[in-house]
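Here's the structure, in structure tokens; my notes come after.
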Amino acid sequence: MLKKLGYGLYAVLFAPICFAIYYAVPASDDFGSAAGINGESLIESIAYVYRVWSTWVGRWFVGIVLRQLNPLNSHVHLGHSYGIYMIVFFLITNVVIIGALTIIVKRIIGEKSKYVPVVTFLIMAMFLTTNYYSECYSWYNGAMTYVMPMMFVMVAAASMIRYTESDSKKRANIAYFLMIIGGIFAATTEIYDVALGITYLYFVYYCHLDERKSEMFKLKIKNAIPLLIYIIFGMSSVFAPGNSLRKEYYEVEVSAGRSFVQYIIDVIIRLQDMIVDHPLFVWILIVLLFIGIMSNNAHEQVKRIPEVIVLFVIIITGAVYPYIYARAFDTTYMDVRMEYVLDFCLCLALGILAVMIGRYLNYRFIIDMEAKDIVMSVAGLVVFFYVALIQNYAYLDILQMDILRNRGLITESYAYYDGVLSEIENSTDDEVIIERDYVPTWSPYILPVGIENGEVYDVVFNKAYDEEHIMINVYYGKQSIQMVIGE
């Protein structure tokens, strides 16, 4: 019964997001990363990605997979098939993330604790009810480059826990294998390199320091191999020639110090947005703190809270700060795909720390809660929920509710952009001009195709990647494509 209830709650979280994804259309780099009309072998994909690695970005491993699995490789009008493809991707990655998060939560509150599924759900709910990340949910290139590696980071972290704490040699070997596989995929997306490395050092070495010191030389080598793999694959991405050329393209130079200040400002603003504008986020944090107290009835000592704080600070800094510095941002702006990375890490950190602090409070102050105390606490949480979300109509800002409120605009925008693509596909002209009277109202749930009013998209056919324009004309085999908005 409880398991069915859990599935139902996840369905409530996922269904509205899947609705928005269903109305997604191919966009931006999707066209450039698609294979030619005659398909592409693995060797040809590797050659293509090498050219991009040399001139634009170092994410070569994910680039090969991205190229091979691009839904636009079919070269037919996808319509809602694109959205369905992205829904499947969304569900698979989130189910895997939930599984990995469950293992992490078990380590915090106990393998057999009845609160594990509740805590896991609430941490996911914090993240999935706050913001919609169109560049990660509704865009194939963004999902492959940011969400998929995040999933593998979580798999690697969960595998590190299983590897070091499993009593079964067979399970430990499986976890060891998954650490390496997850790390290989994630390490070539440079924003996850620090997270991989520091998490491995923390779980495998720091938490088992005495064991690492006394182990045989053969085991020392075995335990060093995954970290070396992370470093080697990470370096192949970070030091790619294309990264330097890309930084020069952005032209603006900002000092490392100024970029760090901007990084701090960005994190504070994201936290402010979550805490001030999303009461449900705060309510879930309080519930997690309460569950932390309830889960430690044995008053067990809680260790390493400061270390976990430092761990997440390093993970978040290692992911976001290099991005801000490389892009030379000196104002509060962040691509939606990087907001996904930052927000996920913040939700994970705050959720885990809330539970750990709750458990520590019960250890420190010996909080023996009787039935009436639990009832009073739950009543207080219900009142807070009513005042913060219901009475002030803040529930309307919960992501799932807001998607339903904007469903008309979402469907209208899909019809508009899908119509644009259909017109390009069906045009017999070599120089296509698309005329429209308007552009749909901006919405966070919509990722436009990427064609800007008045711009001429005439990228040469043999170019691997174009810094100025999306390669939509190359994909459709047109000399040029232009959109004109006006009466």
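The values are calculated or read from the model by the stated rules, or taken from the named source; none is laboratory data. This structure is a prediction, so every number in the text was calculated from the model and none was measured. Positions of Cβ are generated from backbone atoms using ideal geometry, with glycine treated the same way; all protein chains shown enter the neighbour counts. For accessibility, only protein heavy atoms count, side chains too; no ligands or nucleic acids. Shrake-Rupley method; radii C 1.70, N 1.55, O 1.52, S 1.80 Å.
Structure notes:
- Between amide H atoms placed 1.01 Å from N, distances below 5 Å from residue 483 occur with 434, 454, 455, all of them 5 or more places distant or on a separate chain.
- Distance histogram in 10 Å bins (all Cα pairs of the stretch 77-158, percent per bin): 17, 43, 28, 10, 2, 0
- Using θ = phi - 60° in the Karplus curve 6.51 cos²θ - 1.76 cosθ + 1.60, the 3J(HN,Hα) couplings for the stretch 310-318 round to 4, 4, 6, 4, 5, 4, 5, 4, x Hz; x is entered for Gly and Pro.
- Crossing angle, helix 256-277 versus the chain [Cα axis fit, 0-90 degrees, rounded to tens]: 70
- Accessible area ranking (1.4 Å probe, heavy atoms, ligands and nucleic acids excluded), largest first, for 29, 437, 430: 437, 430, 29.
- For the stretch 186-335, a simple Cβ point-charge model (Lys and Arg +1, Asp and Glu -1, everything else neutral) yields a dipole of about 580 debye relative to the Cα centre.
- Shape of the stretch 30-103, Cα gyration tensor, a/c cut at 1.5: oblate
- Degrees separating the helix 42-55 axis from the principal Cα axis of the chain, which is the longest one: 90
- Cβ-defined net charge surrounding residue 270, 10 Å radius [Lys, Arg +1; Asp, Glu -1]: -4
- Helical contribution to [θ] at 222 nm, DSSP H n ≥ 4, -39,500 (n - 2.57), averaged over the chain, rounded to 500: -21500 deg cm²/dmol
- Here the accessible area of the stretch 1-60 is 71 percent carbon and sulfur, with a 1.4 angstrom probe and all protein chains present.
- Cα Rg over Rh - the stretch 272-375, Kirkwood: 1.10
- Net charge of the neighbourhood of residue 450, taken over other residues with C-beta under 11 Å away and scored Lys/Arg +1, Asp/Glu -1, is -4.
- Cβ-defined net charge surrounding residue 463, 14 Å radius [Lys, Arg +1; Asp, Glu -1]: -4
- Solvent-accessible surface of the chain, taken per residue with a 1.4 Å probe and all protein chains present: 47 Å².
- The charge dipole of the chain, taken about its Cα centre with unit charges on the Cβ atoms of Lys, Arg (+1), Asp and Glu (-1) only, comes to about 2980 debye.
- Karplus-derived 3J(HN,Hα) values for the stretch 153-164, using 6.51 cos²θ - 1.76 cosθ + 1.60 with θ = phi - 60°, are 4, 5, 4, 4, 5, 5, 5, 4, 5, 5, 5, 7 Hz; glycine and proline are entered as x.
- In the chain, taking the dipole from charged Cβ atoms about the Cα centre, the farthest positive-side position among 439, 362, 180 is held by 362.
- Helix 407-426 vs. the chain, principal-axis angle (Cα, 0 to 90°, nearest 10): 40
- The stretch 91-240: C-alpha gyration tensor shape, a/c 1.5 cut-off, then a/b vs b/c: oblate
- Prolate is the label for the stretch 1-62, because the ratio a/c of its alpha-carbon gyration tensor axes (a ≥ b ≥ c) is 1.5 or higher and a/b is greater than b/c.
- Protein accessible area in the stretch 381-426, 1.4 Å probe - carbon and sulfur %: 59
- Histogram of C-alpha separations across the stretch 372-487, 10 Å bin width, %: 12, 29, 21, 13, 10, 9, 5, 1
- Relative to the Cα centre, the charge distribution of the stretch 1-82, modelled as +1 at Lys and Arg Cβ and -1 at Asp and Glu Cβ, gives a dipole magnitude of about 360 debye.
- Bridges between two residues of the chain, per DSSP, are antiparallel at a rate of about 20%.
- Across the stretch 330-340, rounded Karplus estimates of 3J(HN,Hα) from the backbone phi angles (6.51 cos²θ - 1.76 cosθ + 1.60, θ = phi - 60°) give 10, 10, 6, 9, 8, 4, 4, 5, 7, 4, 4 Hz, Gly and Pro being marked x.
- Taking 22 Å as the straight-line reach from the Cα of residue 213, the lysines in range (excluding those fewer than 8 positions away in the same chain) are 169, 222, 303.
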